[in-house]
Amino acid sequence: MRRQTLWSLLASLWVLASLGFAADTYEVDPAHSFVLFRCRNVAQAGAVFIHGRFTDIKGNFVVDKDPAKCSVNITINADSLDTGVPDRDNHLKSPDFLNVKQFPTITFTSRKVQAIGKDRYRITGDLTLHGVTRTITVTVTKVGEGKNFKGAYVMGFQTTFTIRRSDFGMKGLMNIADDRVELTIAIMGIRK
Amino acid sequence: MTFFLRSALALGLPPVAVTFVGLLLAWGAAKREQRVVSRCLTGFAVAIGYAVGHRIATGALPFMPSSAEHWLPLLALVAALLGILESLPNIPRFWRWLWRLLFGIVAVAVLLLPLTSLSPMGKAIWSVGLGVLMAAVWTGMNGLAGRVTDASLPIALAITAAVNSAALLIAHTAIVSQLSGVLAATMGAAFVFVLWQRRWSLLGGAMGAVTVLLFGAGINGAFYADLPIPSALFLCLAPLTGWLREHRSVQSWHPIAPIALQLVATTLFAAIGLGIAIRQLGLPTGGY
């Protein structure tokens, strides 16, 4: 009887321990996640950046004490682009740039996560944009975590990086929009 | 204005030069009584001239295209290659019809393949419908090119392509608009050439290349950008109005009358296409 209790205790401890160290999966909260971009407007003599955002973002990320077990998957609806000017939005969605009817999604899938400091990570992954997949490395900062006002546990990260649109097959109209596009991805996830 | 002029010259002059050189080579072959070679070179002059402009406009000329607009130079080249078959003597009319039909259906299918908003059945229906129409337009244009050997045909095609370019700009795609502009430039070169070499015909592969480029730009505009489908149809069919000049009553008019009728009819038909685009989409606001 005593032996059985000991085994039960050990089993419970193992379950608790594994729960404590289990990787947590977070579902991206679209209402509190942002994908912003800015690109120099060459047609306006480069005097201004065009700022825009994608409003439809989905995905999840896994957080573990072991960075090797961490991962992130993000899918952005390319058609949700918004710069505040409908004509410009339609142009950016056309075959001139994103070609959303042919390439409706922009995705990022991590391959490797490394911790590089307190709340800072280096993430290497595949960015698929305009039908072209390129491996990129970005530095991500944890913005914060904790229970929100509804009692759900949330965690947020942010990164800013620059890509060349020509690397993703968007090589035309360089005399209108610059090749370099700065992206800011700020995501907040709700723990499942 | 300088910005647009500079862009138009940078984009238009190289295809004009390449097409003109190609037509000179074709003319040289015709002088040596090599008629088949000459007709093939005419087709390649248009296709390669366009490819040069395509490279400048899009910054790429991929051998294996990943997006719909990049299929256009390859399709124009295939049409020019089919022109070799067209040039061979004693080919029954049935076979000409058959390969134009197959080419039309395959060309439209290839252009619609990457589209995500259409079901496979929808793509198949559009491919067959537009493919048959493309084959009919190619045949109609070829027939016209066989009869009309003055400069009115290339200038009518240049006008159509230029109006198409304007409609595509309204449909929010400057690059496909530029590609139609490149086609207008190659036809401009053909116009100058025919002014110099009277009775030069664009029969064969050249007509195939022009037809597939006109349809290709229309399909890209209508399915991947915002060009209304009726607008695209009017623009693709506009050059066929040249057949009006072949009416017996028109033939008896002043010699310049058939040419004027052809140009006015083509411009009007293309303008209806442009008008539909403006009505549905409004004029571009510009300056954003």
ask   = Going by the conditions given, is A:K150 surrounded by fewer than 16 Cβ atoms within 10 Å (Cβ to Cβ) and either of a type in the set (F, W, Y) or not in a strand (DSSP E or B) (or both)?
value = yes
ask   = For the range B:140-159, which residues satisfy the criterion of being under 24 Å from B:R96 (Cα atoms) and in a helix (DSSP H, G or I)?
value = B:G140, B:M141, B:N142, B:G143, B:L144, B:A145, B:G146, B:R147, B:L153, B:P154, B:L157
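Sort out which residues of the range A:169-192 are in a loop (DSSP other than H, G, I, E, B) and either among the small types (G, A, S) or within 14 Å of chain B (Cβ to nearest Cβ) (or both), and write them in order of number. So that I can check it myself, show each step before the final result.
Taking the range A:169-192 and keeping what is in a loop (DSSP other than H, G, I, E, B), we get A:169-176, A:192.
Passing the criteria: A:G169, A:M170, A:K171, A:G172, A:L173, A:M174, A:N175, A:I176.
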request  = Restrict the check to the range A:159-169 and report whether at least one residue is modelled with pLDDT under 95 and basic (K, R).
outcome  = no
note = Selection over the range A:62-102 where residues are facing another protein chain (nearest Cβ under 10 Å), assigned to a loop (DSSP other than H, G, I, E, B) and not acidic (D, E) yields a count of 10
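Can you confirm whether the range B:94-105 contains a residue that is of a type in the set (A, V, I, L, M), surrounded by fewer than 19 Cβ atoms within 10 Å (Cβ to Cβ) and modelled with pLDDT of 95 or more? Give the derivation first.
From the range B:94-105, those of a type in the set (A, V, I, L, M) are B:98, B:101-102, B:105; that's our starting set.
Narrowing further to those that are surrounded by fewer than 19 Cβ atoms within 10 Å (Cβ to Cβ): B:98, B:101-102.
Keeping just the survivors that are modelled with pLDDT of 95 or more gives B:101-102.
So far as the range B:94-105 goes, yes, one or more of its residues are of a type in the set (A, V, I, L, M), surrounded by fewer than 19 Cβ atoms within 10 Å (Cβ to Cβ) and modelled with pLDDT of 95 or more.
Only one of B:A171, B:A190, B:A166, B:A162 is more than 14 Å from every other protein chain (Cβ to nearest Cβ) and either of a type in the set (D, E) or within 19 Å of B:R279 (Cβ to Cβ) (or both). Can you tell me which?
Among B:A171, B:A190, B:A166, B:A162, only B:A166 is more than 14 Å from every other protein chain (Cβ to nearest Cβ) and either of a type in the set (D, E) or within 19 Å of B:R279 (Cβ to Cβ) (or both).
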query = Can you pull out the residues in the range A:39-75 that are touching a residue at least 12 places away in the same chain (Cβ under 8 Å) and among the polar types (S, T, N, Q)?
reply = A:N41, A:T55, A:N60, A:S71, A:N73, A:T75
task = Scan the range A:32-53 and give yes if some residue there is over 30 Å from B:G221 (Cβ atoms), at pLDDT 95 or above and part of a helix (DSSP H, G or I), otherwise no.
result = yes
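A quick yes/no check of all residues on (1) of a type in the set (K, R); (2) within 14 Å of chain B (Cβ to nearest Cβ); (3) touching a Leu at 6+ places or on another chain (Cβ under 7 Å):
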residue	(1), (2), (3)
A:R134	yes, yes, yes
A:T139	no, no, no
A:F149	no, no, no
A:M155	no, no, no
A:D167	no, yes, no
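Tell me the helices (runs of 4 or more DSSP H) entirely within the range B:224-282 that contain at least 2 residues that are crowded, with 16+ Cβ neighbours inside 10 Å. I'd like the intermediate steps shown before the answer.
On the way: elements: B:229-237, B:248-251, B:256-281.
Because the criterion is at least 2 residues that are crowded, with 16+ Cβ neighbours inside 10 Å, the helices (runs of 4 or more DSSP H) in the range B:224-282 that meet it are B:229-237, B:256-281.
Go through A:D82, A:D89 for me and flag whichever is touching a strand residue (DSSP E or B) at 6+ places or on another chain (Cβ under 9 Å), among the charged types (D, E, K, R), farther than 21 Å from B:A57 by Cβ and buried (at least 16 other Cβ atoms within 10 Å of the Cβ). Full working, then the answer.
Working: A:D82 fails: buried (at least 16 other Cβ atoms within 10 Å of the Cβ).
Only one candidate qualifies: A:D89.
Take the range A:104-129 and flag every residue that is closer than 29 Å to B:A174 by Cα and either at the interface with another protein chain (Cβ under 7 Å from one of its Cβ atoms) or at pLDDT below 95 (or both).
Step one: filter the range A:104-129 for residues closer than 29 Å to B:A174 by Cα, giving A:104-108, A:127-129.
Listed by number, the list holds a single entry, A:P104.
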task = Would you check if B:S87 is within 14 Å of another protein chain (Cβ to nearest Cβ), farther than 19 Å from B:A161 by Cα and touching a residue at least 40 places away in the same chain (Cβ under 8 Å)?
result = no
message = If B:L9 satisfies all but one of (1) more than 14 Å from chain A (Cβ to nearest Cβ); (2) free of Cβ contacts under 8 Å to residues at least 60 places away in the same chain, what's the number of the condition it fails?
response = (1)
ask   = What number of residues within the range B:118-139 are part of a loop (DSSP other than H, G, I, E, B) and touching a residue at least 12 places away in the same chain (Cβ under 8 Å)?
value = 1
key: Selected residue (only one of B:I256, B:I219, B:I272, B:I278 is within 14 Å of another protein chain (Cβ to nearest Cβ), among the hydrophobic types (A, V, I, L, M, F, W, C) and more than 30 Å from B:E86 (Cβ to Cβ))   = B:I278
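The values are calculated or read from the model by the stated rules, or taken from the named source; none is laboratory data. Since the structure is predicted, the reported quantities are computational estimates derived from the model, not experimental observations. For neighbour counting, all protein chains shown are included, and Cβ atoms are generated from backbone atoms with ideal geometry for every residue, glycine included.
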